[in-house]
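The values are calculated or read from the model by the stated rules, or taken from the named source; none is laboratory data. Because the structure is predicted, anything quoted here is derived from the model rather than measured. Glycine also receives a Cβ, built like all others from the backbone with ideal geometry; neighbour counts cover every protein chain displayed.
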There are 2 protein chains.
Amino acid sequence: MAIMVVGSVALDSVQTPHGSREASLGGACTYFATAASLFDRVRMVGVVGTDFPEQYLDLLRSRDIDLAGLQILPGETFSWSGRYGVDMGDVETLDTRLNLFSDFHPVVPESYRESPFLFLANIDPDLQLEVLSQVERPRLTALDSMDFWITGKRASLTRAMSLVDLVVLNETEVLMYSSRSRLIDGAEAILDLGPAALVIKRGSEGSMLVTRGNSIGERYFVTPAYLLPAVTDPTGAGDTFAGGMMGYLARTGDLSVSGMRRALVYGTIVASFTVQGFSVDALRNLTLDDIAARYRDYRCMTLYDPSPCPAGDWLERPLGRNTRAGTN
Amino acid sequence: MAIMVVGSVALDSVQTPHGSREASLGGACTYFATAASLFDRVRMVGVVGTDFPEQYLDLLRSRDIDLAGLQILPGETFSWSGRYGVDMGDVETLDTRLNLFSDFHPVVPESYRESPFLFLANIDPDLQLEVLSQVERPRLTALDSMDFWITGKRASLTRAMSLVDLVVLNETEVLMYSSRSRLIDGAEAILDLGPAALVIKRGSEGSMLVTRGNSIGERYFVTPAYLLPAVTDPTGAGDTFAGGMMGYLARTGDLSVSGMRRALVYGTIVASFTVQGFSVDALRNLTLDDIAARYRDYRCMTLYDPSPCPAGDWLERPLGRNTRAGTN
């Protein structure tokens with residue numbers, strides 16, 4: 001089922017300890033769409049300037065992403081530049097130029113209006129509301145946001161969150177919006193606004209799903225990030241997590257609690273590929289087989305009853321190691 | 001199968017935002033033994049003074065914990081006092097009095113020598129080595145340690161870690177010992193010393209098991225903490241985690257990788273009860289049925305393929321909520 005996504009398409013300049021890129025393909029809408037297009041058809045709504053490289057448009061088209069809703073206007077594309085420290089934690093924003101994005105008003109093409117899945121990536125919540133008013137009742141609506149709107153447009157964001165089925169925020173945003181110190185208290189405050197579910201992105205700690213339920217285990221699903229030996233560039237991890245999650249939901253149509261939990265895991269897997277390259281590089285040649293293989297390994301990393309891992313005694317060690325202080 | 005544990009038995013004075021306790025039953029050995037005794041027979045090796053309340057000895061005896069190795073000497077029992085802040089994160093130690101513990105040398109009673117499971121709780125690694133020299137080859141040996149020994153007795157600790165089957169440390173200790181910034185790099189450095197497995201305790205983030213394996217999923221098992229609405233006192237969480245884990249291993253005798261992963265989960269469950277009360281209060285009347293019930297809920301909180309949770313569509317919401325901006 002088709003997924004419509006609204007958000008930023010950007011030219012990113014990123015520095016990490018592993019290297020740097022200038023004016024590479026970026027933006028929440030782009031990352032989301034690239035990830036979701038691994039699973040199903042994607043329709044983008046956004047804006048770029050005439051400076052936007054044709055090769056980037058070609059890349060999106062090559063993934064069968066519908067660009068009918070991508071406005072190409074005279075002027076400059078939204079650009080962002082940032083630098084990550086050694087631990088790849090908080091990013092330092094060096095420069096943000098909204099350019100054409102500052103006057104952006106999303107226009108949903110007629111051909112998009114009946115998209116069954118809608119993702120409102122992180123943009124001004126007033127624009128998110130504008131989009132909601134332009135669509136026929138989708139099967140599933142979701143939104144992401146950020147600290148800037150939590151503090152600057154709280155009322156609009158609150159209204160938008162109350163109107164969607166699924167809110168996707170990171171841990172810091174949940175605590176900031178709710179003014180709570182414990183994550184689950186903050187999560188409950190957001191669920192009280194009306195959405196049926198909240199997904200909390202926790203970076204290298206993984207993610208959490210909060211739904212209505214009677215016990216802690218029915219209410220909260222907690223799942224770790226896939227452990228990677230190294231991270232090249234964390235940019236886009238959260239948006240591709242959301243893209244993988246929504247893509248899986250759209251492809252399977254499974255909106256059961258179990259299906260939603262698996263969707264978080266697929267989001268986790270896609271995000272783990274994203275951070276192994278700059279921009280969307282690591283997603284470009286990725287296949288569903290690659291995703292399935294890592295999903296199997298992730299099951300092995302997380303499941304225990306039953307465990308899908310190969311059997312074996314962990315005490316078996318190389319010969320000669322099994323000595324004791326008392327016997328040597 | 002019997003589990004022998006060596007470590008501190010203490011009188012703790014603890015302040016948390018939820019209240020305080022004076023001279024309550026504490027110490028790593030005590031916490032571990034109380035937790036492990038939920039699953040199997042436990043034998044303690046430690047020391048207390050003649051000031052140690054008889055009622056605390058009675059409590060341990062009531063759990064069929066063998067106290068033949070608990071020295072009761074003239075003098076004062078090891079005491080510790082600490083204070084937790086609002087977020088229950090790092091504890092501030094207010095006072096530590098080693099008292100009799102400063103001259104402690106563990107003596108393993110003849111009746112303990114063939115204990116198949118041995119846990120060396122956090123004590124001087126030279127004493128851990130002394131214990132290893134006093135036992136017949138156990139089926140499984142494990143040790144815990146702390147920052148104090150990592151910096152102060154590194155060589156002895158390194159030797160002790162190379163001699164046991166299982167090392168149990170918290171995240172900070174792994175990074176400190178290994179001088180690495182990434183947890184999995186630190187974990188590999190410790191596994192290279194010789195132990196067959198490393199368990200990393202991560203507090204409210206859960207725990208991780210590192211064993212030898214060919215893929216990330218075979219090598220690392222990552223599992224979250226059980227989410228609690230409130231924590232009363234975090235003291236003893238790590239030791240009861242280890243106690244639950246070792247207790248489960250001893251009870252089942254299952255040293256497969258799968259069994260070891262479930263053991264971490266049982267440790268997680270026991271620790272989640274521990275922190276809901278001061279001292280060992282929450283463990284006193286706990287039964288295996290209580291543990292099994294929370295284990296079932298934890299499975300629901302963490303498993304996804306298949307999911308053991310009740311079926312149902314998470315989009316189902318109370319009537320009247322399902323409005324959209326465009327339709328109201």
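Listed here are the residues, each with its yes/no results for (1) of a type outside the set (Asp, Glu); (2) free of Cβ contacts under 8 Å to residues at least 40 places away in the same chain.
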{"position": "A:GLU130", "(1), (2)": "no, yes"}
{"position": "A:GLN134", "(1), (2)": "yes, yes"}
{"position": "A:ASP144", "(1), (2)": "no, no"}
{"position": "A:PHE148", "(1), (2)": "yes, yes"}
{"position": "A:THR151", "(1), (2)": "yes, yes"}
{"position": "A:VAL167", "(1), (2)": "yes, yes"}
{"position": "A:TYR177", "(1), (2)": "yes, yes"}
{"position": "A:ILE184", "(1), (2)": "yes, yes"}
{"position": "A:ALA196", "(1), (2)": "yes, yes"}
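Select from region B:221-255 the residues that are within 17 Å of B:PHE39 (Cβ to Cβ) and within 11 Å of chain A (Cβ to nearest Cβ) and write down the one among them that is modelled with the highest pLDDT.
Step one: filter region B:221-255 for residues within 17 Å of B:PHE39 (Cβ to Cβ), giving B:236, B:239-255.
With within 11 Å of chain A (Cβ to nearest Cβ) added as a condition, the list becomes B:249, B:254-255.
Values: B:LEU249: 97, B:ASP254: 94, B:LEU255: 93.
Among those residues, the one meeting the criterion is B:LEU249.
Looking at region A:68-180, what helices (runs of 4 or more DSSP H) fall wholly within it and have at least 2 residues that are modelled with pLDDT of 95 or more and within 11 Å of another protein chain (Cβ to nearest Cβ)? It would help to see each step written out before you state the result.
On the way: elements: A:125-132, A:147-152, A:154-163, A:171-178.
Where helices (runs of 4 or more DSSP H) fall fully within region A:68-180 and carry at least 2 residues being modelled with pLDDT of 95 or more and within 11 Å of another protein chain (Cβ to nearest Cβ), they are A:125-132, A:154-163.
Could you please give the count of residues in region B:8-59 that are basic (Lys, Arg) and in contact with a Leu (Cβ under 8 Å, 6 or more places away or on another chain)? Full working, then the answer.
Taking region B:8-59 and keeping what is basic (Lys, Arg), we get B:21, B:41, B:43.
Okay, now just the ones that are also in contact with a Leu (Cβ under 8 Å, 6 or more places away or on another chain), so none.
The number of residues fulfilling the criteria is 0.
Quick check on region B:163-189: of everything there that is hydroxyl-bearing (Ser, Thr, Tyr) and within 20 Å of the chain's Cα centre (by Cα), which residue is surrounded by the fewest Cβ atoms within 10 Å (Cβ to Cβ)?
As a first pass, look at region B:163-189 and keep what is hydroxyl-bearing (Ser, Thr, Tyr): B:172, B:177-179, B:181.
Pick out the ones that are also within 20 Å of the chain's Cα centre (by Cα) and you get B:172, B:177.
Working: B:THR172: 16, B:TYR177: 23.
Taking the candidates together, the pick is B:THR172.
Condition (residue is modelled with pLDDT of 95 or more and hydroxyl-bearing (Ser, Thr, Tyr)) applied to region A:291-301: is it met by at least one residue?
Pass one, region A:291-301, residues modelled with pLDDT of 95 or more: A:291-301.
So of that shortlist, the ones also hydroxyl-bearing (Ser, Thr, Tyr) come out as A:295, A:298.
Checked against the condition, which is being modelled with pLDDT of 95 or more and hydroxyl-bearing (Ser, Thr, Tyr), region A:291-301 yields at least one hit.
Test A:ARG21 against the stated conditions and say whether it is surrounded by fewer than 23 Cβ atoms within 10 Å (Cβ to Cβ), touching a strand residue (DSSP E or B) at 6+ places or on another chain (Cβ under 8 Å) and in a strand (DSSP E or B). Before you say what the answer is, go through the steps one by one.
Working: surrounded by fewer than 23 Cβ atoms within 10 Å (Cβ to Cβ): yes; touching a strand residue (DSSP E or B) at 6+ places or on another chain (Cβ under 8 Å): yes; in a strand (DSSP E or B): yes.
So A:ARG21 fits the description; yes.
Are any of the residues in region A:267-277 within 14 Å of another protein chain (Cβ to nearest Cβ), farther than 23 Å from B:ASP305 by Cα and crowded, with 23+ Cβ neighbours inside 10 Å?
Of region A:267-277, the ones within 14 Å of another protein chain (Cβ to nearest Cβ) are A:267-269, A:272-273, A:275-276.
After this cut, where a residue has to be farther than 23 Å from B:ASP305 by Cα as well, the list is A:275-276.
From the residues that got through so far, the ones that are crowded, with 23+ Cβ neighbours inside 10 Å too are A:275.
Yes, that holds for at least one residue.
Could you list, in sequence order, the residues of region A:190-212 that are within 8 Å of chain B (Cβ to nearest Cβ) and either surrounded by fewer than 19 Cβ atoms within 10 Å (Cβ to Cβ) or of a type in the set (D, E, K, R) (or both)?
Within region A:190-212, A:GLU205, A:ARG212 meet the criteria.
Return a yes/no flag: does region B:42-64 have any residue that is surrounded by fewer than 22 Cβ atoms within 10 Å (Cβ to Cβ), assigned to a helix (DSSP H, G or I), in contact with a strand residue (DSSP E or B) (Cβ under 9 Å, 6 or more places away or on another chain) and aromatic (Phe, Trp, Tyr).
Yes, there is a match, as at least one residue in region B:42-64 is surrounded by fewer than 22 Cβ atoms within 10 Å (Cβ to Cβ), assigned to a helix (DSSP H, G or I), in contact with a strand residue (DSSP E or B) (Cβ under 9 Å, 6 or more places away or on another chain) and aromatic (Phe, Trp, Tyr).
Exactly one of (1) of a type in the set (Ser, Thr, Tyr); (2) in a loop (DSSP other than H, G, I, E, B); (3) out of contact with any helix residue (DSSP H, G or I) (no Cβ under 7 Å at 6 or more places or on another chain) is unmet by A:TYR226. Its number?
(3)
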